[in-house]
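In what follows, a single structure is set out as C-alpha cells and then discussed.
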Amino acid sequence: KFASTGNETCFHDRHINPQIYADLNGSNWSIKDYEARGGYQALRKLLGKDGGEGLTQDQVIATLKESGLRGRGGAGFPTGLKWSFMPRQFPGQKHLVCNSDEGEPGTCKDRDILMFNPHIVIEGMIIAAFAMGISIGYNYIHGEIFEVYERFEAALEEARAAGYLGDNILGSSFSFQLHAHHGFGAYICGEETALLESLEGKKGQPRFKPPFPASFGLYGKPTTINNTETFAAVPWIIRNGGQAYLECGKPNNGGTKIFSVSGDVNLPGNYEVPMGTPFSKLLELAGGVRTGRKLKAVIPGGSSSPVLPADIIMDCTMDYDSISKAGSMLGSGAVIVMDDSRDMVECLLRLSYFYSHESCGQCTPCREGTGWLWRVVNRIQHGEGRPEDIELLDSVSVNIMGRTICALGDAAAMPVRAMIKHFRHEFEAKIQSASKQAA
Ligand code: SF4
C-alpha cells in the first residue's frame, strides 16, 4: 500500500508535491483526475498555452539545474546537468528512456507512482523530451509487475487521445511519441546499459562505459535515461520554479524524496518527505521500530548500500550528503530497518545469495566472487565457519570492487565489508562456536 506519505501533521507547510503522494486510493489515476490536480499545466506553460510566452529548451534545463533535483534511481546525479549533456543539434534520432525497472531489494516506490499517478511520469517525460529535442521515448517497466505496465499503457492511451502525446502536441510544432515496454524481472536490467540492450531485444547485460548513453545509447544513438521518480518531480518544478523546489529540501539536495521504509517497523510503506528530514522523524512516520524492540541497524538506500548501526543512523538526516558522510549511500531510498532480534550473519546471507543469483556472469570477479561470498557466509551461518573466513570475505570483496563492468560487483561487496566492520563480533561468535564444536 501507499502509506500516508508526507504526513500533514509534521510537514503541512512543506507538503509540496501532492501530485505524487496525495490521497492515492487507486481510483484517481486517470487523466481527468490528474488534470483536476493541476496536471499537464506545466506542459501547457512550457508550450505557451496558458497565455504566456512559453519556455525555451535552455530555460527548462536552467530551471532543472536551479532546482537541485538529483537522480532518484540511486546515483544521485544532477538531473539538469545530465540533460545538458544531450547533443541537441545531433542530426539523427535521439531517445529518452525512463528506467522503471525497479528491482533493488527494499525499493517499491516507482511501481506505486506508475500505478497511482502514471500521468505525472508521462508529463515529466514530455517536458524532458522538449528540453532535449527528443521525439521518441520509452518507459521500461519491471517485468514482475505486469498490472503496473497495463496501467501505464492505459494512461498513455488517455494522453494520446487528449493531445498531450503524438504529433504536434497541443497544436505546437513539438512532437513526441512515448511507448511502454516491460522487462522480464532481471535485476541487472535496472543498470542503464543492460536496460538499453534489453530494450533493443538482446540479452540484458551491461555495456562497457565509455561510451556513455548520452553519446551512444539506444540503437547507438544519443540517449538520456532517468528514473521514474525523477521524471515525476519535473512537472512541479516547471510550474513552481527551480528555487521553490530547492528550498523544499536543503542545498545540493533539492526537493522531496520518496523513501520505501520496510523491515521491523510498525507501518512499512512509501513516505515522501523533504530532503534533509532527520532519520528519527522518518522512523516515527513509519510507526517506529516494531513494538517491544530496539533499533539495531538500518540499510538506508537499498540493499547495495552499506548498513549503518543505530547510533550512527540516528544522527543522520535523509539526504545524499548526510548518509554519504556516515559511510553509506542514499541510493534509491529503500530504508530497511532491523531491530535487535536480527541475526546479522543471516541478513548478510540473504543479501549475498541475491547478488550471486543476479550476477549476469559477464565478468569473472563478479561471477565467481559473488558465489564465493555467498558460500563463505553460508558456512559461517551453518556452523562450519573457519577462523580465516572473515579475512577471506574481506579479501574477496576488495578484489571484486572496482574490477567489474558495472556496479553490481561493488553492490555485492560493499554490504559484506560494512557488516564485518560494524558487526564483526557476530561473525566471530559463530566461527568460535563452530571451532569449539569441532574440537
Ligand atoms: Fe555482469 Fe556482474 Fe559484471 Fe555487472 S559486474 S557486468 S552484473 S558480471
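Details
- Residue within the stretch 249-258 that is open to solvent by 20 Å² or more (accessible area, probe 1.4 Å) and at pLDDT 90 or above present: no
- Filter result for the condition that a residue is open to solvent by less than 10 Å² (accessible area, probe 1.4 Å), over 24 Å from Leu156 (Cβ atoms) and not aliphatic (A, V, I, L, M), over Gly76, Gly68: Gly76
- Breaking point among (1) aliphatic (A, V, I, L, M); (2) assigned to a helix (DSSP H, G or I); (3) surrounded by fewer than 22 Cβ atoms within 10 Å (Cβ to Cβ); (4) within 16 Å of the ligand (Cβ to nearest atom), for Ala413: (3)
- Filter result for the condition that a residue is within 24 Å of Ile237 (Cβ to Cβ) and of a type in the set (Asp, Glu), over Glu144, Glu153, Glu123, Glu157: Glu123
- Restricting the stretch 85-136 to residues that are open to solvent by 40 Å² or more (accessible area, probe 1.4 Å) and of a type in the set (Lys, Arg), the residue that is modelled with the highest pLDDT is Arg111.
- Any hit, the stretch 114-128, residues being free of Cβ contacts under 8 Å to residues at least 24 places away in the same chain and within 24 Å of Gly201 (Cβ to Cβ): no
- Scope the stretch 335-380; condition surrounded by 20 or more Cβ atoms within 10 Å (Cβ to Cβ), among the polar types (S, T, N, Q) and away from the ligand (no atom under 13 Å from the Cβ); matching residues: Ser352
- Residues located in the stretch 381-400, provided they are within 16 Å of the ligand (Cβ to nearest atom) and crowded, with 19+ Cβ neighbours inside 10 Å: Val396, Ser397, Ile400
- Checked against the criterion of being in contact with a Ser or Thr (Cβ under 6 Å, 6 or more places away or on another chain) and of a type in the set (S, T, N, Q), the candidates Ser84, Ser100 yield just one match: Ser100.
- Meets criteria (within 16 Å of the ligand (Cβ to nearest atom) and either open to solvent by 20 Å² or more (accessible area, probe 1.4 Å) or modelled with pLDDT of 95 or more (or both)) for Leu218: no
- Checking each residue of the stretch 177-185 against the condition of being closer than 22 Å to Thr79 by Cα, within 16 Å of the ligand (Cβ to nearest atom) and modelled with pLDDT of 95 or more gives no match.
- Meets criteria (under 27 Å from Asp389 (Cα atoms), in contact (Cβ under 8 Å) with a residue 24 or more places away in the chain, open to solvent by 10 Å² or more (accessible area, probe 1.4 Å) and not hydroxyl-bearing (Ser, Thr, Tyr)) for Met329: yes
- Scan the stretch 159-170 for residues that are open to solvent by less than 70 Å² (accessible area, probe 1.4 Å) and on the phi > 0 side of the Ramachandran plot and the total you get is 3.
The values are calculated or read from the model by the stated rules, or taken from the named source; none is laboratory data. The model shown is predicted, which means the values in this text are computed figures rather than measured ones. Note that each Cβ is placed from the backbone with ideal geometry, even for glycine, and that neighbours are counted across all protein chains shown. The area values use the complete protein model at the heavy-atom level, side chains included, leaving out ligands, DNA and RNA. Shrake-Rupley method; radii C 1.70, N 1.55, O 1.52, S 1.80 Å.
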